[in-house]
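The values are calculated or read from the model by the stated rules, or taken from the named source; none is laboratory data. Note that the coordinates shown come from a computational prediction; the quantities given were computed from them, not determined experimentally. All Cβ positions, even for glycine, are placed from backbone atoms using ideal geometry, and neighbour counts span all protein chains on display. Quick note on the areas: whole protein, heavy atoms, side chains included, nothing else; ligands and nucleic acids left out. Shrake-Rupley method; radii C 1.70, N 1.55, O 1.52, S 1.80 Å.
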Amino acid sequence: ETVVLVHGVGLNAEAWMPQIEALSAGDHVVAIDMAGHGGSAAPPKSADLQYYVEQLRQVLDDLGIASANVAGHSMGGLVAMGFALAYPLRVKRLAVLNSVFERDAGARAAVEARAAEIAAKGHEASIDGALDRWFGAEHAALRAQVKGWLSAMDGDAYATAYRVFATGDRLFTDALSRIRCPALFATGSLDPNSTPVMAEAMARVAGHGRPSIIDGERHMMNLTAADKVNALLGTLLAERLSAFDSRELRTAF
């Protein structure tokens, strides 16, 4: 089967390398560079989440992939959920890692303040703070690698993506119940912004969702706890797809 991987703000397809190596043993893996990241052209400054969703659709169209398993990390999780809602018959299974849902007032104010500062002053000054949230004081080699990716980003493209990430948690409040495919919502127990409470809430709302919390891990757990994340994805991909029930059939039509 095809597995499509969508990274988070400031990263690129290489951030999925442990998953690419593990999953490609049995499946066809496609890891994209979101618009403005890696080798992809920058989006317009006015881009919204749907712009990134349509980029994913265009990639699948160009590759002739009618349906796929879709996994997204952080902002990529928002893209994955948006794609599953916009094109439900094209998503077999959904994995959302370290993403966000219904931030509380304090978290929302903090992330919107960071987005405004990045837009006004550039993203360079925010990098070390992001790495502290994502890694803590550990994983020096991985932290340096991710810092290189963040530092290489075009400033405007980073600001655009971060704005979408900062506001995107509010887009799915009344929509996740329409996701009917098997869905995994996972995060690390120590992730301060993509919290276990969020993962559990998304899983509770989604039609066939389940949460998974990896103890002791933070935001970049697909790199720092790759074996555990790969095992979660493997279990999801092995899950049998059920036939449509009557509600799903009506939704499809």
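Per-structure values
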read-out: Dipole magnitude of the chain, debye to nearest 20 (Cβ charges: Lys/Arg +1, Asp/Glu -1, about Cα centre); value: 600
read-out: Per residue, in Å², the accessible surface of region 42-90 once ligands and nucleic acids are set aside, probe 1.4 Å; value: 36
read-out: For the chain, with +1 on Lys and Arg beta carbons and -1 on Asp and Glu, the positive-most of His123, Ile20, Gly168 along the dipole; value: Gly168
read-out: Rg(Cα) / (2.2 N^0.38 Å) computed for region 1-142, rounded to two decimals; value: 1.09
read-out: Stretchable slack from Leu142 to Ala226, in nm (0.36 nm times residue separation minus alpha-carbon distance); value: 29.0 nm
read-out: Neighbourhood charge, 10 Å Cβ-Cβ cut-off, centred on Ser126 and excluding it, Lys, Arg +1 and Asp, Glu -1; value: -1
read-out: Calculated FRET value between Ala125 and Ala238, using beta carbons and R₀ = 30 Å, to 0.05; value: 0.10
read-out: Protection proxy ranking of 59-66, 212-219 - average other beta-carbon atoms within 10 Å, highest first; value: 212-219, 59-66
read-out: Kirkwood Rh in Å, taken over the chain so that all alpha-carbon pairs contribute; value: 18.0
read-out: Relative packing of 41-48, 181-188, which averages over residues the other C-beta atoms within 10 Å, highest first; value: 181-188, 41-48
read-out: Gain upon complete extension [Ala41, Arg178; 0.36 nm per residue less C-alpha separation]; value: 46.2 nm
read-out: Estimated FRET transfer efficiency (Glu21, Ala105; beta-carbon r; R0 41 Å; 0.05); value: 0.50
read-out: Sparse-neighbour loop sites [trypsin sites (Lys or Arg not before Pro); region 133-163; at most 15 other C-beta within 10 Å; DSSP]; value: none
read-out: Nearby lysines by direct alpha-carbon distance to Lys121 (threshold 17 angstrom, same-chain neighbours under 8 apart not counted); value: Lys45
read-out: Sulfur and carbon atoms: percent of accessible area, the chain [1.4 Å]; value: 53
read-out: Charge tally in the Cβ shell below 11 Å around Phe185, where Lys, Arg are +1 and Asp, Glu are -1, Phe185 excluded; value: +1
read-out: Around Ala238: net Lys/Arg minus Asp/Glu count, Cβ-Cβ under 14 Å; value: +1
read-out: Helix-only CD estimate at 222 nm, as mean residue ellipticity for the chain, using -39500 (n - 2.57) per DSSP H run (n ≥ 4); value: -14500 deg cm²/dmol
read-out: Under Karplus coefficients 6.51, -1.76 and 1.60, residue-wise ³J(HN,Hα) of region 15-22 in Hz, glycine/proline x; value: 5, 9, 3, x, 6, 4, 5, 6
read-out: D_trans [Stokes-Einstein, Kirkwood Rh over alpha-carbon pairs] for region 1-71, 25 °C, 0.890 mPa s, µm² s⁻¹; value: 194
read-out: Positive dipole terminus of the chain, leading residue within Val229, Gly209, Ala159 (C-beta point charges); value: Gly209
read-out: Rg in Å to one decimal, and Dmax rounded to a whole Å, for region 106-230 via C-alpha atoms; value: 15.6, 42
